[in-house]
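Below is one structure; the comments refer to it alone.
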Amino acid sequence: MTTHGDSATHPGAPAVAARTGPAAEGDLPAGTTEADLPAGTAEGLPTQGLPAALAGLRAAIGAARFPLTLPSAEPARRAAAGLSHQLDDYLLPRLTRLDAPLLVVVGGSTGAGKSTLVNSLVQARVSAAGVLRPTTRSPVLVCNPADAAWFRQGDLLPGLTRTNEPSDDPGTLHLVTAPALPAGLAFLDAPDIDSVVDANRALAGQLLAAADLWLFVTTAARYADAVPWELLRGARARGTVIAMVLDRVPPEAADEISAHLSEMLAAQDLGAAPLFVLPETWVDGQGLLPERVTAPLSAWFARLAADAEARSAVVRQTLDGALAALHPAVTGLADAADEQVAAADALDERVRAAYRGAERTVDQGLRDGRLLRGEVLARWQEFVGTGEFFRTLEARIGRLRDRVVAAVTGRPAPAAELRTAIESQLVTLLRGVAAEAAENAYTGWKAHPAGVELLAPELAHPSDDLPERAERLVRDWQRGVLELVRVEGGDRRFVARTAAYAVNATGLAVMIAVFASTAFIPTGLEVATGAGTAVAGQAVLQAIFGDQAVRNLANKARKDLLDRIGTLLAEEAARFLARTESARPAAETTGELRRAANEVEKARHRSGLTRTDGPVLPAVDQGGPR
């Protein structure tokens with residue numbers, strides 16, 4: 001036999017006009033009076049303050065960003081998008097007009113017979129059904145002609161463009177009217193919740209979140225599927241009012257299957273949801289179910305449409321449930337935003353630690369004598385004198401002053417070679433520590449789930465122009481040392497008398513002093529590596545300037561060099577830090593989210609929406625299947 005699955009039909013119900021402008025504040029549907037409005041919708045409704053609080057929350061959610069790749073990021077992005085849709089599509093417009101018709105969103109799995117059921121309930125082929133899956137088309141909203149203006153103005157689901165014709169564009173909402181559907185009630189046929197098309201599934205979730213009432217359609221073959229239950233649990237958590245249709249049930253298994261589904265509903269705290277069982281049956285030539293099959297469901301909806309108090313109770317329960325669910329959901333977003341900030345801070349710290357290590361290596365290199373090895377040592381020895389000079393310098397320091405003065409003023413020394421050797425040694429050190437810092441920072445990020453997504457191959461190495469910048473840094477420092485000697489020795493007749501050459505020679509000696517330990521006392525290691533020659537440099541400087549002046553010169557020169565190197569390394573680190581800065585959520589995001597959620601929660605408690613006085617839906621006619 002032929003069952004009542006979605007068979008190919010063509011919509012034939014009258015269409016409404018395309019979207020128009022918003023209705024004037026206070027407008028009522030045609031044929032509706034103030035007495036017909038749901039309770040609590042007249043002037044003075046205690047929901048004042050909620051729209052403003054929700055608008056603030058919407059802005060805070062819109063400003064929240066989760067760019068770093070963390071386990072919580074993608075769920076947070078989906079949650080933020082879902083909350084934004086629910087605020088825009090349902091909460092804000094529904095709070096504005098609580099007296100709008102009750103929107104029943106018909107949802108369910110692929111092939112459950114949703115469109116056939118909607119068509120049968122309104123006694124017209126308003127929603128296209130088909131055996132080909134997935135069916136990609138615009139959702140269909142059907143209402144009584146008297147209620148068309150409510151949905152045509154576009155406050156509800158504002159992101160969907162209203163059309164008066166079927167469309168394959170899921171970004172449109174096809175509006176049709178059906179006189180057989182009672183006023184005060186509207187059906188929205190949503191896409192399949194388990195569609196293989198991502199856009200269809202996303203739209204189905206968006207539409208279900210905009211429902212005053214879910215009519216969830218499943219079948220005897222698929223009622224235990226995981227996807228519907230996941231959505232039902234989410235709806236229960238949001239307080240959405242739900243009714244269930246168990247479709248295509250073989251008569252001989254109706255009692256067993258309906259009892260099992262009732263048990264499953266009760267286990268999920270959904271036992272109060274009305275359950276309608278539709279037997280497997282024929283469809284007529286129009287693709288509609290026999291009226292005797294849908295009669296209990298049609299009668300139930302008719303009673304709901306006729307009872308303004310019941311409709312108001314449904315709206316209030318769903319609205320209050322959705323509002324109550326905002327606080328924990330937004331708290332989750334704030335927690336995820338906190339994780340983003342913490343991850344950005346952790347990534348920054350890994351970079352800063354790597355470059356702090358580089359600065360420590362430089363500082364240690366200036367203190368332990370390693371820079372006095374090799375070429376610098378050889379050029380310094382040539383510049384100051386012979387090995388005999390070093391051996392006898394300490395004993396003859398008292399008689400050395402005149403000899404030194406004569407030496408530095410009477411004949412040139414290989415100063416250029418020494419200066420070049422100092423520059424080369426420093427540049428080599430800087431290139432080495434910069435390369436090591438870049439590698440350490442890169443490795444640190446690579447080990448972090450958020451960092452690996454921010455990396456680029458060039459970050460594993462120093463900047464291409466680092467060697468040139470390092471050379472420029474050293475040359476600028478050397479010029480700074482010479483200027484320091486001029487300033488510090490400005491009142492000394494020696495410097496004044498010997499002019500440029502004395503300044504240059506003395507400056508080189510200061511540079512050599514910077515390369516040794518702070519106290520200029522050579523250890524055995526330092527002597528072995530040539531650092532003992534710094535003692536000779538210190539003696540030369542003391543013979544000219546005096547002990548304290550020497551210390552001041554060396555300390556100032558060392559600080560100047562370290563400051564310049566710190567700036568250079570900070571510029572290298574900035575290549576990493578700029579990436580976290582561009583991805584870092586605003587510092588105030590989490591505070592704004594929590595503050596806005598608290599404001600909504602306070603406004604909800606003041607609103608009077610909450611009801612705890614029993615079921616809000618009409619009882620199911622016991623003559624019908626349950």
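Here is a yes/no grid of residues against (1) crowded, with 24+ Cβ neighbours inside 10 Å; (2) more than 24 Å from the chain's Cα centre (by Cα); (3) among the small types (G, A, S):
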position: R65; (1), (2), (3): no, no, no
position: A81; (1), (2), (3): no, no, yes
position: D88; (1), (2), (3): no, no, no
position: R97; (1), (2), (3): no, yes, no
position: A112; (1), (2), (3): yes, yes, yes
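Which one of these does D320 not meet: (1) free of Cβ contacts under 8 Å to residues at least 40 places away in the same chain; (2) open to solvent by less than 40 Å² (accessible area, probe 1.4 Å)?
(1)
If the Cβ limit is 6 Å and pairs must be 6+ apart or interchain, which residue in the range 298-309 that is charged (D, E, K, R) and surrounded by 15 or more Cβ atoms within 10 Å (Cβ to Cβ) pairs with which residue that is modelled with pLDDT under 90 and assigned to a helix (DSSP H, G or I)?
Hits for this filter: zero, empty list.
May I ask you to list the residues in the range 571-603 that are small (G, A, S), under 27 Å from the mean Cα position of the chain (by Cα) and part of a helix (DSSP H, G or I)?
Passing the criteria: A573, A574, A578, S582, A583, G591, A596, A597.
Output the residue which, of all residues in the range 323-340 that are open to solvent by 40 Å² or more (accessible area, probe 1.4 Å) and in contact with a Ser or Thr (Cβ under 8 Å, 6 or more places away or on another chain), is farthest from L593 (Cα to Cα).
E339
If you check A59 against the conditions, is it of a type in the set (A, V, I, L, M), in a helix (DSSP H, G or I) and surrounded by fewer than 19 Cβ atoms within 10 Å (Cβ to Cβ)?
yes
Looking at the range 289-312, which of its residues are of a type outside the set (A, V, I, L, M, F, W, C) and assigned to a helix (DSSP H, G or I)?
Matches in the range 289-312: E291, R292, T294, P296, S298, R303, E309, R311, S312.
Tell me, which residue of the range 550-570 that is more than 35 Å from the chain's Cα centre (by Cα) and among the polar types (S, T, N, Q) is nearest to V474 (Cα to Cα)?
So, considering only residues that are more than 35 Å from the chain's Cα centre (by Cα) and among the polar types (S, T, N, Q), the one nearest to V474 (Cα to Cα) is N555.
Pairs please, first residue from the range 189-204 and closer than 16 Å to E230 by Cα, second anywhere and of a type in the set (A, V, I, L, M) and outside any helix (DSSP H, G or I), Cβ atoms under 6 Å, 6+ apart in sequence or on different chains.
A204/A190; A204/I193
So, S109, is that one modelled with pLDDT of 90 or more, of a type in the set (G, A, S), within 29 Å of T163 (Cα to Cα) and touching a Lys or Arg at 6+ places or on another chain (Cβ under 9 Å) or not?
Considered against the rule, which asks whether it is modelled with pLDDT of 90 or more, of a type in the set (G, A, S), within 29 Å of T163 (Cα to Cα) and touching a Lys or Arg at 6+ places or on another chain (Cβ under 9 Å), S109 comes out as no.
Give me the pairs: first residue in the range 465-482 and farther than 23 Å from L553 by Cα, second residue open to solvent by 30 Å² or more (accessible area, probe 1.4 Å), beta-carbon distance under 8 Å, and six or more apart or on different chains, which are they?
Sorted first by the residue in the range 465-482, then by its partner, the pairs are L466/R431; P467/R431; R469/E571.
Of the residues D269, D284, only one is part of a loop (DSSP other than H, G, I, E, B), surrounded by fewer than 20 Cβ atoms within 10 Å (Cβ to Cβ) and in contact (Cβ under 8 Å) with a residue 12 or more places away in the chain; which?
The match here is D269.
May I ask you to list pairs of residues, at least six apart or on different chains, whose Cβ atoms are under 8 Å apart, with the first in the range 334-354 being closer than 12 Å to A64 by Cα and the second being surrounded by fewer than 16 Cβ atoms within 10 Å (Cβ to Cβ) and modelled with pLDDT under 95?
Listed by first residue and then by second, the contacts come to V341/A587.
Could you grab me the full set of residues in the range 584-610 that are crowded, with 18+ Cβ neighbours inside 10 Å and of a type in the set (V, I, T)?
Answer for the range 584-610, where residues must be crowded, with 18+ Cβ neighbours inside 10 Å and of a type in the set (V, I, T): T589, T590, V600.
Residue by residue through the range 72-113, note down the ones that are of a type in the set (V, I, T) and either in a strand (DSSP E or B) or within 16 Å of G205 (Cα to Cα) (or both).
Across the range 72-113, the qualifying residues are V104, V105, V106, T110.
If you scan the range 136-160, which residues turn out to be in contact with a helix residue (DSSP H, G or I) (Cβ under 8 Å, 6 or more places away or on another chain) and either hydroxyl-bearing (S, T, Y) or open to solvent by 20 Å² or more (accessible area, probe 1.4 Å) (or both)? Break it down into steps so the answer makes sense when it comes.
Residues of the range 136-160 in contact with a helix residue (DSSP H, G or I) (Cβ under 8 Å, 6 or more places away or on another chain): 136, 139-143, 155-159.
Passing the criteria: T136, D155, L156, P158, G159.
Could you list, in sequence order, all residues of the range 354-372 that are open to solvent by 40 Å² or more (accessible area, probe 1.4 Å) and farther than 26 Å from R419 by Cβ?
Hits for the range 354-372 are R356, R360.
Regarding the range 441-448, can at least one residue be identified that is closer than 20 Å to I565 by Cβ and either surrounded by 19 or more Cβ atoms within 10 Å (Cβ to Cβ) or modelled with pLDDT of 90 or more (or both)?
yes
Name every residue in the range 272-281 that is assigned to a loop (DSSP other than H, G, I, E, B) and either free of Cβ contacts under 8 Å to residues at least 24 places away in the same chain or within 18 Å of V241 (Cα to Cα) (or both), in order of residue number.
Result: A272, A273, P274.
Among the numbered conditions (1) closer than 30 Å to L98 by Cβ; (2) open to solvent by less than 10 Å² (accessible area, probe 1.4 Å); (3) outside any strand (DSSP E or B), tell me where L231 comes up short.
(2)
Is it the case, given these coordinates, that T420 is open to solvent by 70 Å² or more (accessible area, probe 1.4 Å), under 18 Å from L561 (Cα atoms) and not charged (D, E, K, R)? Before the answer, list the steps.
Details: open to solvent by 70 Å² or more (accessible area, probe 1.4 Å): yes; under 18 Å from L561 (Cα atoms): yes; not charged (D, E, K, R): yes.
So T420 fits the description; yes.
The values are calculated or read from the model by the stated rules, or taken from the named source; none is laboratory data. Computed from a predicted model, the values in this text were never measured in an experiment. Glycine also receives a Cβ, built like all others from the backbone with ideal geometry; neighbour counts cover every protein chain displayed. Remember, those area values only see protein heavy atoms, side chains included, never the ligands or the DNA or RNA. Shrake-Rupley method; radii C 1.70, N 1.55, O 1.52, S 1.80 Å.
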